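Undergrad: Mind looking over this structure? Questions follow.
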Amino acid sequence: MHEPILKPMLKDYTQQYAEIWDACSTGLPQFTKLYSTHEKLQKEQTLDQFLQSIQSFRKKQISRKILTNADQQIFLSKTRDFLRVGLDFTESQLGMMFSDDLTDATRKFVRQARAFDPGLTFHDIFQACRNMWIMNGLQIIMGIPVQLTPSIFAYSLLYPYTDNLIDDPDISGFQKMIFSQRFRQRLSGQRIEPSTPKETIIFSLVEMIENQYPRDIFPEVFKSLLGIHDAQTNSLKLIEYPDQLSEMETLKICMAKGGASVLADGFLIAGKLTKAQQYFLFGFGAYLQLLDDIEDVAEDFRAGLMTAFSKDAFHSPLDKKLNKTFWFGEEVMKSLDYFEGKQPDLFKSLMRRSIDLFIAEAVAQNPVAYSEQYVSEFENFSPFHFSYIRKRKDQFMPYNGFLLTAIEEIAFSESVIQS
């Protein structure tokens, strides 16, 4: 087994951020707004109307009716109205979320993904889009124009392909281990011949990155790719040896996986990063990973994947762990000052509003993982009754969450038109 090239730095960042998380308050998050029962009922009515708009819009798409630019602009306008009235985003925040550059990048990505591999499902493309949107957000805070680059395209697609291969029950564990080793060799720069059609695709994506970032000029780009590969390989311990890992070891494995991923995002966007920027990106990735683990706690528990949250879920309340994660995020976002991008305060406020809603929804979807009093207190911060969110969950599956729905429609529209 090769030693990870970035191991000392990743280990150092993991230790620092694990200590920050451990020292964070267990007090209830300070949300920006409380909602009365009357306000919740009004916003639920607003969401019902928005869901009807989505259904109508998709019927037109699926029936292959020609969607004019005016049709799409009307839908986007309705979406902005819902996010403003239903979820209380400000006009400035919405301007950042729905910039022409972001919309154009999404459309270009879907078209290129369809051309690259017509066999990709919409689920695969949407999963890849989520990766791209994180990188687009980083472009904003780094002061880099929001656009789809070859490396963003390639990296966003790499993990639907590799994840699907690793999750495929028809592929043996031995075959998966061999692929992991060969993939690492290719990331290291070795010119090995692909042995399967999937490897051909995956290796061609690595080549796209090499074409944008020559290895001799941008070695850190490829060290960061090896870092995420090794962190993901190490995270297999969460399934294979869950009972042998302490709570802190489990937390560090999760943080390392998320941190290494967003650190790689940064290198693929900029080619080179300062030490301060690397520190923030690792922490931001660790935070996003913890939020994902909060959302997926029930699914991970059923699958036997023992994350920092699913390890104790449904045995003891997760109240304090969720609180610590919220305050951990507040600490991480302080380091955003290391970047000189446009409107950092606006980006911070957008992230804060988004995460407030994200966490409230996560509690609503898994109330049995928390104490009754905690769920009751949290519901005060939600624009919707928790019972309403659970009732509406199926209409967002498998892309549950209110915030991604609008941009998902852009991707869906392109997917239908191109298919």
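Undergrad: Residues that are within 26 Å of L187 (Cβ to Cβ), touching a Gly at 6+ places or on another chain (Cβ under 9 Å) and not small (G, A, S): does segment 154-164 have at least one?
TA: no
Undergrad: Look at I178 and say whether it is among the aliphatic types (A, V, I, L, M), farther than 30 Å from K348 by Cβ and either at pLDDT 85 or above or surrounded by 18 or more Cβ atoms within 10 Å (Cβ to Cβ) (or both).
TA: Yes; evaluated as a whole, the condition is true for this residue.
Undergrad: Tally the residues that are part of a loop (DSSP other than H, G, I, E, B) and in contact with a helix residue (DSSP H, G or I) (Cβ under 8 Å, 6 or more places away or on another chain), restricting the search to segment 16-32.
TA: Going through segment 16-32 one residue at a time, the tally reaches 8.
Undergrad: Given the structure, is G189 touching a residue at least 60 places away in the same chain (Cβ under 8 Å), surrounded by fewer than 18 Cβ atoms within 10 Å (Cβ to Cβ) and in a loop (DSSP other than H, G, I, E, B)?
TA: Judged against the criteria, G189 is not a match.
Undergrad: For segment 138-162, what are the residues that are of a type outside the set (A, V, I, L, M) and either touching a residue at least 60 places away in the same chain (Cβ under 8 Å) or farther than 30 Å from F347 by Cα (or both)?
TA: Answer for segment 138-162, where residues must be of a type outside the set (A, V, I, L, M) and either touching a residue at least 60 places away in the same chain (Cβ under 8 Å) or farther than 30 Å from F347 by Cα (or both): Q139, G143, T149, P150, S151, Y155, Y161, T162.
Undergrad: Okay, next question. Does V297 fit the bill of being among the hydrophobic types (A, V, I, L, M, F, W, C) and either within 21 Å of C24 (Cα to Cα) or buried (at least 21 other Cβ atoms within 10 Å of the Cβ) (or both)?
TA: yes
Undergrad: With Y374, Y279, Y388, Y287 as the choices, which residue is among the hydroxyl-bearing types (S, T, Y), over 16 Å from the mean Cα position of the chain (by Cα) and over 28 Å from L41 (Cβ atoms)?
TA: Step by step, each of Y374, Y279, Y388, Y287 is checked, and only Y279 is among the hydroxyl-bearing types (S, T, Y), over 16 Å from the mean Cα position of the chain (by Cα) and over 28 Å from L41 (Cβ atoms).
Undergrad: I need every pair where a residue in segment 372-385 that is touching a residue at least 40 places away in the same chain (Cβ under 8 Å) and surrounded by fewer than 19 Cβ atoms within 10 Å (Cβ to Cβ) has its Cβ under 8 Å from the Cβ of a residue that is assigned to a helix (DSSP H, G or I) and among the basic types (K, R), sequence separation at least 6 or different chains.
TA: If the second residue must be assigned to a helix (DSSP H, G or I) and among the basic types (K, R), the pairs left are H385/K40.
Undergrad: Consider L403 against the criteria (1) surrounded by fewer than 21 Cβ atoms within 10 Å (Cβ to Cβ); (2) modelled with pLDDT of 85 or more; (3) touching a Phe, Trp or Tyr at 6+ places or on another chain (Cβ under 8 Å): it satisfies all of them except one. Which criterion is unmet?
TA: (2)
Undergrad: Restricting attention to segment 143-164, does a residue exist that is surrounded by fewer than 20 Cβ atoms within 10 Å (Cβ to Cβ), more than 23 Å from V110 (Cβ to Cβ) and not acidic (D, E)?
TA: yes
Undergrad: Considering only residues of segment 227-249 that are β-branched (V, I, T) and free of Cβ contacts under 8 Å to residues at least 60 places away in the same chain, which is surrounded by the most Cβ atoms within 10 Å (Cβ to Cβ)?
TA: Checked segment 227-249; the qualifying residue surrounded by the most Cβ atoms within 10 Å (Cβ to Cβ) is I228.
The values are calculated or read from the model by the stated rules, or taken from the named source; none is laboratory data. Note that the structure is a prediction, hence the values are computed from the model and not measured. Note that each Cβ is placed from the backbone with ideal geometry, even for glycine, and that neighbours are counted across all protein chains shown.
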